Amino acid sequence: MNSYEQSIEKIISKYSKVYDEMTVRSREVFKRASQVLPGGVVYHARFFHPYPLYIVRAKDTFVWDVDGNRYDDYWMGHGTHILGHAPDFIIDRVYEISKHGTHLGFENIYAVEYAELLTRIVPNCKMIRFTNSGTEANMYAVRLARAYTRRRYVVKIRGGWHGGLDQLHTAVSPPFSGPESAGLPEDLIKYTVSVSYNDLEEMERILRMCDVAAIIIEPVPGAGGCIEPVDGYLKGVRELADRYGAVLIFDEVITGFRLSLGGAQEYFNVGADIVTMGKIVGGGMPGAGAFCGREELMALLDHTKHPEPRSRSFHGGTFTGNPVTIMAGFTLIDYLSRDRERYSSFNEMWGTVAKEIDRLCEEYGRPCWTTNVGSMIGIHFTKSKPRSVEDAYYLRYSSKVYEAFHLFMRINRILYLSEKMPHLLPSMVHSKEQAKKFTETFAKFLDELKLCVST
Ligand SMILES: Cc1ncc(COP(=O)(O)O)c(C=O)c1O
């Protein structure tokens, strides 16, 4: 451990005591959980040191843990709750529809109405199919692209996260190569090639070399730290896809309905061939996902046009298009579509917060940098501003500072994820006072850091 890390350890040890005192019951639950849930969690991404908080309630911008502590939430259900946790008008609709069946298992009018709404809102989305998650949406999108192009290779971004599906579960975190998981043979990712975000030359090299069916990209890498596209990058990706005949898939699981109502396509004025969605599209209900595209592409899913199963691209699933998720999604997106203007003030507010965070980083001698697009904010304790997800990892002073930062914010009743890559996905109902509390607490952390590292 170098001297910088030793200093950070001092912050961790000082505030661990406070955390221990305020989260006695979470600690007990963690012990129980560890007996029945591997690692004591249902999803490792929700773990932080030394044990996670166990949340019992959420409303608007707040979550409460089992010890009764209330936190400002900047994670918002993995970026799902754009109007805050459990908005009354959505919960009422969910309750009403549930009385008529939670899962019909037949075609239903609600899915048709929601499809009509989404195809009006999302650019280049003539036809749509619903899925049960963002992972599934990406799985079916890649399959569709391969069916359409009759090619094999998929290009993804190093550090891009598209869910746990085998073929895209590579090059997500350092060293950005090979399978990201045990139990994933190299063979299953042999047609996936990864390139750096913001690097068109590397992408073109791969497109020249391989028969690329699809380029799949988060227009703004989310879990990779909300990295900003440099000017012209996304347009350049669009041009490369056209030049080399690859299908361009925008994974808008985070950016969809967040950067603008029409997602990143509308925000950046760059069109995709297939758009995948998750999170917000489900209106806060589980089982949120969809993929959509031009008619000519989506027609490959149509059993009436392709009666022979092997000639069409398969999509389906038991809970697909269930009325609860569909109705919640419809209610939310319909509401947002009546107030498009709200996106300007939403993005402006979080742009200002990001600038303030960045100003503080500057004032404190640059121990950190901010990245920001719309309401997506990344905070990086790096030597310079990251331009790619590799940068966001390899330019770090230490991973320990991320742990200290998370702990410090937590004991100040502010929550975000992940511990190893702070990215904020606030809602439209977070207040300016909350944002002020965030930046003031951030400044206090920088004070701690300055004090510790200089002594
Ligand atoms: C950009 C992106 N794509 C896909 C996924 C996977 O979605 P899900 O967790 O719903 O399967 C996520 C989840 O965080 C995501 O952020």
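The residues of the stretch 29-55 that are surrounded by 13 or more Cβ atoms within 10 Å (Cβ to Cβ), over 21 Å from the mean Cα position of the chain (by Cα) and assigned to a loop (DSSP other than H, G, I, E, B), listed by number, are H49, P50, Y51, Y54.
Would you confirm, using the coordinates I've provided, whether A58 is outside any loop (DSSP other than H, G, I, E, B), small (G, A, S) and outside the structural domain of A264 (by TED's automatic domain parsing)? Taking the combined requirement at face value, the residue satisfies it.
When restricted to residues that are among the basic types (K, R) and surrounded by 15 or more Cβ atoms within 10 Å (Cβ to Cβ), the stretch 15-28 contains 2. If you check G222 against the conditions, is it touching a Phe, Trp or Tyr at 6+ places or on another chain (Cβ under 9 Å) and either within 14 Å of the ligand (Cβ to nearest atom) or in the same structural domain as I249 (by TED's automatic domain parsing) (or both)? Answer is yes for this residue.
Would you point out which residue out of G225, G232, G262 is under 30 Å from F381 (Cβ atoms) and touching a Pro at 6+ places or on another chain (Cβ under 9 Å)?
Numbers: G232 fails: touching a Pro at 6+ places or on another chain (Cβ under 9 Å); G262 fails: under 30 Å from F381 (Cβ atoms).
None of the others qualify; the one that does is G225.
For the stretch 353-378, the tally of residues that are free of Cβ contacts under 8 Å to residues at least 60 places away in the same chain and under 24 Å from F268 (Cα atoms) stands at 5.
Applying the selection to the stretch 254-275, what residues are of a type in the set (V, I, T) and within 20 Å of S133 (Cα to Cα)? Spell out how you get there, then give the answer.
In the first step, residues of the stretch 254-275 are kept if they are of a type in the set (V, I, T); the result is 254-255, 270, 274-275.
Residues satisfying the conditions are I254, T255, I274, V275.
Scanning the stretch 124-166 for residues that are farther than 18 Å from L207 by Cβ and either outside any loop (DSSP other than H, G, I, E, B) or away from the ligand (no atom under 16 Å from the Cβ) (or both) yields a count of 19. Scanning the stretch 228-243 for residues that are away from the ligand (no atom under 16 Å from the Cβ), crowded, with 18+ Cβ neighbours inside 10 Å and touching a residue at least 40 places away in the same chain (Cβ under 8 Å) returns a single hit, L240. In a residue-by-residue description of the stretch 78-95, the property of being farther than 30 Å from A241 by Cα, crowded, with 23+ Cβ neighbours inside 10 Å and either assigned by TED's automatic domain parsing to the domain that holds R25 or within 15 Å of the ligand (Cβ to nearest atom) (or both) applies to at least one position. Of all residues in the stretch 78-94, those that are within 16 Å of the chain's Cα centre (by Cα), more than 18 Å from Q434 (Cα to Cα) and of a type outside the set (V, I, T) total 1. Take the conditions under 23 Å from S388 (Cα atoms) and under 16 Å from the mean Cα position of the chain (by Cα) and apply them to A246. Does it pass? Answer is no for this residue.
Based on what the data block shows, is T131 surrounded by 20 or more Cβ atoms within 10 Å (Cβ to Cβ), under 19 Å from the mean Cα position of the chain (by Cα) and in the same structural domain as A33 (by TED's automatic domain parsing)? Working first, answer last.
Details: surrounded by 20 or more Cβ atoms within 10 Å (Cβ to Cβ): yes; under 19 Å from the mean Cα position of the chain (by Cα): yes; in the same structural domain as A33 (by TED's automatic domain parsing): no.
Answer is no for this residue.
Taking the criterion of being among the basic types (K, R) and either more than 20 Å from A141 (Cα to Cα) or modelled with pLDDT under 95 (or both), the residues of the stretch 311-344 that qualify are R338, R340, R342.
Taking E107, is it among the acidic types (D, E), in the same structural domain as V94 (by TED's automatic domain parsing), part of a loop (DSSP other than H, G, I, E, B) and at pLDDT 95 or above? Don't jump to the end; show me each part of the working.
Numbers: among the acidic types (D, E): yes; in the same structural domain as V94 (by TED's automatic domain parsing): yes; part of a loop (DSSP other than H, G, I, E, B): yes; at pLDDT 95 or above: yes.
Criteria met by E107.
Only one entry of E201, E180 meets the criterion of being within 15 Å of the ligand (Cβ to nearest atom) and among the acidic types (D, E), and that entry is E180.
Would the stretch 247-258 turn up any residue that is assigned by TED's automatic domain parsing to the domain that holds V212 and away from the ligand (no atom under 16 Å from the Cβ)? Among the residues of the stretch 247-258, at least one is assigned by TED's automatic domain parsing to the domain that holds V212 and away from the ligand (no atom under 16 Å from the Cβ), which makes the answer yes.
The values are calculated or read from the model by the stated rules, or taken from the named source; none is laboratory data. The model shown is predicted, which means the values in this text are computed figures rather than measured ones. Quick reminder, even Gly has a Cβ in these numbers, built from the backbone with ideal geometry, and neighbours come from all protein chains shown.
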